[in-house]
Structures are given as C-alpha cells and as structure tokens.
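Here the structure comes first, spelled out in structure tokens, and everything after it is commentary.
The values are calculated or read from the model by the stated rules, or taken from the named source; none is laboratory data. The shown structure was predicted, so the numbers you read here are calculated from the model rather than taken from an experiment. In this analysis, Cβ positions are derived from the backbone assuming ideal geometry, glycine residues included, and neighbour counts consider all displayed protein chains.
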Number of protein chains: 2
Amino acid sequence: MTAYDWVEKPTLLLDESRARANIARMAEKARRSGLRFRPHFKTHQSVEIGTWFRAEGVQQITVSSVEMGQYFAAAGWDDILLAFSVNWRQRSALIALAQSVRRLGLLVESAESLDFVERLGVPVDVWLKIDVGARRTGLDWQAVEQIADLLHYPLHTARLRGLLTHAGHTYGAGDGEAVRRVYAQSVQRMNDLRWQLQQQTGQQLEVSVGDTPGCSLSEDLGDVDEIRPGNFVFYDAEQAAFGSCPPEWIAVAVACPVVACHPRDEKVVVYGGAVHLSKDFWIGQDGQRQYGWVALPEEGGWSAPLPGAYVQALSQEHGLLHVPAPLLKQIKIGDLVCVLPAHSCLTAAALGRYATLDGRWIEMMR
Amino acid sequence: MTAYDWVEKPTLLLDESRARANIARMAEKARRSGLRFRPHFKTHQSVEIGTWFRAEGVQQITVSSVEMGQYFAAAGWDDILLAFSVNWRQRSALIALAQSVRRLGLLVESAESLDFVERLGVPVDVWLKIDVGARRTGLDWQAVEQIADLLHYPLHTARLRGLLTHAGHTYGAGDGEAVRRVYAQSVQRMNDLRWQLQQQTGQQLEVSVGDTPGCSLSEDLGDVDEIRPGNFVFYDAEQAAFGSCPPEWIAVAVACPVVACHPRDEKVVVYGGAVHLSKDFWIGQDGQRQYGWVALPEEGGWSAPLPGAYVQALSQEHGLLHVPAPLLKQIKIGDLVCVLPAHSCLTAAALGRYATLDGRWIEMMR
C-alpha cells in the first residue's frame with residue numbers, strides 16, 4: 001500500500017532513498033575535503049531521519065532552537081551547536097541543555113552576549129557569529145578591532161572556539177558560478193579574519209561555514225573546519241531552480257487533492273495552501289512568484305516536474321497551480337498532484353510529519 | 001503576573017478586550033443591516049474564542065477544513081458552512097460531519113462536484129462558489145448559462161441553498177474608497193446573477209459574501225443574506241496599513257526576544273521568524289516588503305506601532321526589524337518587542353495557541 005492509496009488531505013511525502021542519497025553525497029564530500037560535517041537538523045527535525053545521518057558517520061549536529069537541541073539530545077546526540085544568537089530569556093533551558101550533552105556550542109555577536117554566556121556558569125563552546133555579506137546578522141567581517149576586543153574578554157567556563165558564518169547570500173546569487181563565487185569569497189573573508197585575529201591575539205580559531213547552495217555547488221570547500229548545510233537532505237524546487245541540485249534529488253513533495261480545474265485560465269486549484277506549504281517563493285525567469293513546482297504521482301514516487309507548471313498563488317488553504325493547456329487533461333478533480341515546495345524546511349515545519357512512499361509515518365519534533 | 005514576566009520565546013499575545021470589541025462591532029453591523037452573521041473561524045481556530053462570538057448572538061459559522069468543522073461541531077456548533085470547494089478524497093469524513101450537525105453547507109463549483117455531493121447521501125446545503133473578480137477559484141459570475149445548468153441538476157438529499165463568493169480582491173484594492181467600490185461591485189454582480197438565475201429557473205437563492213476589508217469599510221453591506229468575514233476578530237498590520245481598522249484594534253501581537261542590535265544599520269534582530277509569523281507580507285508605500293509592525297510591551301498590552309519601524313525580512317527563526325535610529329535606544333538585547341503580524345490568520349495557525357495579557361493560555365485546534 002502506498003501513501004497515494006490513503007492520502008485525503010495535504011500530506012508531506014518523503015522519498016527515503018533520495019534523502020539517504022543526499023546525505024551520503026554530502027557526507028562523502030565532507031570526508032573527501034577532510035572537514036567536519038555538522039549538518040543542520042532544522043530542515044528535517046526528526047529523530048528517525050537523524051539516524052540516517054548517523055549511518056553516514058555524522059556525530060555532531062546543528063540546531064536552531066533550544067527545544068530542537070533538547071529533542072535531539074534526548075535521542076542521544078551529544079555534540080550540538082545551537083546556531084542562533086543566544087537568547088537571554090532562555091537562561092535556565094540553556095543551562096539544562098549544556099548539562100545534558102557532552103558539548104554545546106552557542107552563538108555570540110556582542111560583548112553583552114559573551115558576558116551572558118560566561119555567566120551561565122556551565123562549560124560551553126562559543127562561536128562568534130560573523131557577517132561575510134549576507135547582511136542578516138553578525139559581526140561585520142571587516143570589524144577586526146571590535147572582534148579582537150571580544151577575544152580579549154576573560155572566559156573561565158565558556159571557551160572561545162571559533163568563527164561562524166552563514167553565507168545566506170548564496171540564495172539568489174544567480175547561477176552556479178555566482179554561487180561558487182559567493183561561497184569562495186565567504187571562505188576567503190573568514191580566513192582573512194581568522195589570520196588577522198590570530199596575529200593580534202595569538203588565539204587559535206576554527207572556522208565554520210556552510211549553506212546548501214554553496215556546499216552543493218562548490219567542489220572545493222576551502223580551508224574551513226566544518227560545514228553546516230541543512231536543506232540538502234531534501235532540497236526543494238527553489239534549490240533546483242537555481243541549480244543546487246537536479247530536480248530528481250528533491251526528496252519531499254506535498255500530495256494535494258485537486259478540487260477545481262479552470263482550463264480556460266490554465267489553472268488547477270488544490271487543497272494545499274499557505275498553512276501547508278508556507279508562503280515562501282522564488283522569482284521565476286518570467287518575473288513571477290513561484291511557490292513550487294507541480295508533478296504527478298507515479299509508481300514509487302512522483303514524476304519529473306511538469307514543464308511550465310508551477311504554483312502561482314497560495315491563500316490559507318488554497319493552492320493555485322498554473323498548468324499549461326496541453327497538460328491539463330492529465331489532471332481531474334479528486335486526483336492528487338505532488339507539489340515540490342519552494343522551501344522544504346518551512347514546508348516540513350508546517351506539516352509536522354512525513355509519509356514515506358510505502359505509507360509509513362515518520363514523526364518529527366512537535 | 002503578565003505574559004511579559006514569563007515569555008522566553010516567540011509567543012502569540014492576545015488582547016481579549018480588543019478581540020471582544022471587534023466581534024461586538026461586526027455583530028452589531030450585521031444586526032443593523034438585518035443580515036445573518038456567519039463569521040469565518042479559520043482565523044482564530046479556538047473553541048474558547050468561539051464562545052465570545054456566542055455571547056454576541058452568533059449561531060452559525062464558517063470553517064475552511066473538515067477537521068475544523070469536526071473541532072467546532074464537537075464544541076456544540078451545529079450550523080457550519082465549509083467554505084472550501086468540496087474535497088472528494090474526504091468522503092467518509094464529510095458524511096460523518098454532516099451527520100453530526102444540524103446543518104452543513106458545502107461548496108461546489110462544477111457539475112462533477114455537485115454530483116459528488118448529491119451522492120454523499122446525506123442532507124447538506126449546497127452553495128455555488130462564484131468568482132466575482134478575485135480570480136482565485138469559482139464559477140465566473142458572467143457564466144450564467146453554465147450556472148443555470150447546475151441549478152437544473154436533480155437533487156434529492158442535497159439542497160441548493162445559494163450563491164457564495166469571497167471577494168478577496170478587496171485586499172490590495174487600495175484605499176478605503178477602492179475597497180468599498182470592490183465590495184459594492186461584488187454585491188451587485190451577485191445580485192445580477194441571482195436575478196438572472198431566478199428568472200431562468202424560478203429558484204430562490206441566497207447570497208453569501210464577505211471579506212474583512214469589505215465588511216469593515218462598507219457602511220452599507222447591501223442586499224445579501226449573510227456575511228462571512230474572519231480576520232476582523234484580530235485584524236493585523238496589513239489590514240491597518242490599508243485602512244480596514246485603526247492600529248489600536250489589532251488584537252494579537254507576537255512577543256519576540258531581541259537577540260542582536262545593529263544600530264549602524266538601524267536594525268534589530270529578534271527570535272521570531274517565518275515559522276512563527278508566516279512569510280506573508282504587504283508592500284509598503286516605499287515599495288518594500290513589510291512582514292509586520294513593531295511595538296513595545298506596555299502595562300496592559302503593547303504600545304502604538306513605532307513610527308517608521310517594520311519587519312523587513314524573515315528567515316526560519318530570525319526576524320529582522322528596521323527601527324529608525326532615534327528609537328533604537330529603547331531596545332536592548334534580552335528585551336521583548338511586540339510584532340504586529342502582517343497576517344494574523346497565518347500567524348495564529350503557525351503559533352498554535354494564545355497567551356492572554358494576564359498570562360493565561362487559550363488553546364486552539366491542533
């Protein structure tokens with residue numbers, strides 16, 4: 001019995017063999033490059049999927065919230081990096097988490113937060129969050145003096161481990177060549193900074209980088225100590241649209257019931273909206289927002305994306321699919337279509353569990 | 001003890017008195033207009049908040065999924081309209097829902113779906129979903145012949161009740177005058193259609209309309225039988241930005257811990273991202289995306305929105321707030337700020353429960 005036999009409403013399908021292949025591929029690249037692989041588990045948020053990483057030799061992970069750290073710590077992960085600037089309001093939970101694992105890494109980007117972490121009174125690794133150009137948050141990579149000041153801060157229970165960045169500006173950089181350029185530039189900037197800081201302070205610092213486009217498209221991962229990509233476990237339509245992966249590596253799709261067809265408008269309406277897919281989109285070559293691609297159920301999975309078809313709009317529960325006229329006759333009310341989401345991390349977080357193709361549930365953190 | 005005393009992570013705050021006033025105001029407008037008030041409960045999704053509507057005399061409701069119907073039916077609501085084109089794959093659940101309430105309304109926009117509903121074999125009301133210009137889904141209001149054909153379909157257990165539309169193009173219509181024009185035009189089109197159909201078929205048809213901007217901004221709700229607004233119970237920053245309500249009617253805010261401040265960039269980084277707020281946005285007057293407004297905690301609630309401040313970007317867990325320099329000194333790492341979300345329906349669905357200002361939890365459907 002496959003999931004298609006019983007799916008009644010928007011359901012997140014997971015192709016286990018594709019996800020395992022994605023994990024193996026990235027793990028192998030990290031091994032080949034001689035660097036530590038610390039995948040970001042915020043994409044899948046599942047203890048069971050975590051075991052697939054263990055099978056590839058992964059021993060350290062990245063999470064994005066204290067609760068996610070607790071969830072994976074309870075499943076035996078004991079080297080966890082919480083890659084989110086430390087939240088002072090979760091003091092007790094942070095202490096408890098640090099005490100429950102062998103090694104907890106925390107992110108700091110100010111003297112005040114460094115002081116907060118030291119005063120937790122528990123041994124933790126401190127990573128300084130560096131902005132190499134993404135302009136989300138972090139210490140500017142050129143603010144060497146300011147960063148050097150942090151390195152002089154007297155630490156007793158906390159230990160300064162290194163410099164960390166998320167070069168999120170690989171998203172939207174353009175083609176593969178542009179992504180590789182952004183990735184290489186980020187690594188260069190991190191190493192420039194590391195070298196200057198070591199000259200000034202004598203401290204040895206590790207460098208942690210890694211976003212899915214950069215790590216997928218760069219053959220040479222450069223002189224870094226660890227990578228932390230997350231999305232690659234599933235990839236998604238946006239990643240495929242800008243070349244991080246071929247469409248056949250996308251490991252998740254949302255099965256959505258068709259509720260209306262409007263052939264004159266080349267439009268199909270599905271049960272599957274913003275609360276299922278999230279409202280993330282990318283801008284297609286025609287300048288239109290694209291919330292996902294459209295595929296059809298197939299024996300053992302789903303078809304290649306239908307050429308020219310995409311999710312053009314989402315409201316709370318509705319998805320509007322643009323489907324070119326010649327393809328419309330393949331789709332009828334009551335059918336299921338498979339939406340390859342724009343952003344698999346947010347879609348997984350919205351749907352809360354996975355149905356494997358053979359119809360088994362895989363639970364995730366709630 | 002207020003919620004601010006214990007909030008550690010992104011938390012949906014609810015100002016009960018504002019929500020109750022919003023409900024009372026819309027209920028009074030419906031009464032004054034002599035029409036049935038069938039509020040859409042997809043915005044709040046909470047049995048407890050439902051009781052606030054009962055207190056204003058509401059006896060019939062709108063929902064957007066079978067599960068939401070089951071949830072409210074279990075709490076005693078027995079006149080429910082499922083305002084989503086009927087999903088054939090939930091046949092058993094639809095029959096069970098119809099049998100558990102006094103009156104269930106279903107939405108149909110094709111002969112095939114009308115046939116499906118008749119074959120459920122249980123008494124239900126059928127509403128024909130009409131598109132009066134929103135171009136999401138539904139039968140084109142000008143396709144009179146096609147719609148008349150549906151009216152000739154022989155029904156035995158199902159009963160054709162009327163014509164229903166969601167004039168979602170009030171969103172983004174522009175100012176209040178433009179919204180009123182779209183609303184009035186929608187009502188006009190529905191009545192033109194009703195008149196022509198009654199001429200052709202002799203059938204009496206009800207008309208159901210209602211979106212929050214149209215119902216909030218139009219003093220004259222026109223010749224309709226019922227209205228179904230939903231968002232008005234909380235409103236949100238987008239509604240206030242285009243004038244559906246003053247900012248002081250917004251009844252929900254997300255309390256978010258500040259984790260970094262970048263004064264040079266006039267930027268504050270909070271714990272509170274796409275998984276908490278959703279990625280819905282509106283386009284501000286400066287052409288920039290706005291994911292919400294920014295306010296500060298205050299005794300008994302939150303301040304007016306900080307002038308010129310807004311949520312400029314969201315990633316999975318991060319919110320980036322633009323805060324003009326003169327206001328920055330009011331905000332420090334470890335503080336809470338209150339984000340008035342762009343779209344309260346999606347934010348409530350993402351966060352899954354409410355904290356009242358006096359620090360009590362209100363649960364919603366899970």
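On the basis of being in a helix (DSSP H, G or I) and within 14 Å of chain A (Cβ to nearest Cβ), does B:Gly133 make the cut? Answer is no for this residue.
Restricting attention to the stretch B:83-126, the residues that are buried (at least 17 other Cβ atoms within 10 Å of the Cβ) and either at pLDDT below 95 or within 14 Å of another protein chain (Cβ to nearest Cβ) (or both) add up to 21.
If you scan the stretch B:329-341, which residues turn out to be within 10 Å of another protein chain (Cβ to nearest Cβ) and surrounded by 17 or more Cβ atoms within 10 Å (Cβ to Cβ)?
B:Ile333, B:Asp335, B:Leu336
Out of A:Ala240, A:Ala253, one residue alone is in the same structural domain as A:Asp335 (by TED's automatic domain parsing) and more than 18 Å from A:Trp127 (Cβ to Cβ). It is A:Ala253. Of the numbered criteria (1) surrounded by 20 or more Cβ atoms within 10 Å (Cβ to Cβ); (2) more than 23 Å from A:Gly284 (Cα to Cα); (3) acidic (Asp, Glu), the one A:Asp211 fails is (2). Here B:Ser278 clears all of (1) within 30 Å of A:Lys42 (Cα to Cα); (2) surrounded by fewer than 23 Cβ atoms within 10 Å (Cβ to Cβ); (3) of a type in the set (S, T, N, Q) except the condition numbered (2).
Residue by residue, here is whether (1) buried (at least 23 other Cβ atoms within 10 Å of the Cβ); (2) farther than 17 Å from B:Asn87 by Cβ; (3) of a type in the set (Asp, Glu); (4) in the same structural domain as A:Ala251 (by TED's automatic domain parsing) holds:
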site: A:Arg264; (1), (2), (3), (4): no, yes, no, yes
site: A:Gln288; (1), (2), (3), (4): no, yes, no, yes
site: A:Gly292; (1), (2), (3), (4): yes, yes, no, yes
site: A:Glu298; (1), (2), (3), (4): no, yes, yes, yes
site: A:Ser315; (1), (2), (3), (4): no, no, no, yes
site: A:Gly319; (1), (2), (3), (4): yes, no, no, yes
site: A:Leu327; (1), (2), (3), (4): no, yes, no, yes
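A Cβ distance below 9 Å, combined with a sequence gap of six or more or placement on separate chains, defines the contacts here; from the stretch A:282-294, residues that are part of a loop (DSSP other than H, G, I, E, B) reach residues that are of a type in the set (S, T, N, Q) and surrounded by 13 or more Cβ atoms within 10 Å (Cβ to Cβ) in the pairs A:Gly284/A:Gln290; A:Gln288/A:Gln312; A:Tyr291/A:Ser278; A:Tyr291/A:Gln312. When B:Pro263, B:Pro246, B:Pro326 are checked against the criterion of being over 30 Å from B:Val63 (Cα atoms), out of contact with any strand residue (DSSP E or B) (no Cβ under 7 Å at 6 or more places or on another chain) and away from chain A (no Cβ under 14 Å), a single residue qualifies: B:Pro326.
Restricting the stretch B:47-71 to residues that are within 14 Å of another protein chain (Cβ to nearest Cβ) and of a type in the set (Val, Ile, Thr), the residue that is nearest to B:Arg89 (Cα to Cα) is B:Val66. Within the stretch B:57-107, the set of residues being touching an Asp or Glu at 6+ places or on another chain (Cβ under 9 Å) and on the phi > 0 side of the Ramachandran plot is empty. Quick check: is even one residue across the stretch A:299-322 in a loop (DSSP other than H, G, I, E, B), more than 17 Å from B:Lys129 (Cβ to Cβ) and at the interface with chain B (Cβ under 9 Å from one of its Cβ atoms)? No, every residue in the stretch A:299-322 fails to be in a loop (DSSP other than H, G, I, E, B), more than 17 Å from B:Lys129 (Cβ to Cβ) and at the interface with chain B (Cβ under 9 Å from one of its Cβ atoms). Taken together, B:Tyr183, B:Tyr171 contain a single residue that is out of contact with any strand residue (DSSP E or B) (no Cβ under 6 Å at 6 or more places or on another chain), of a type in the set (Phe, Trp, Tyr), surrounded by fewer than 22 Cβ atoms within 10 Å (Cβ to Cβ) and farther than 23 Å from B:Ala98 by Cα, which is B:Tyr171.
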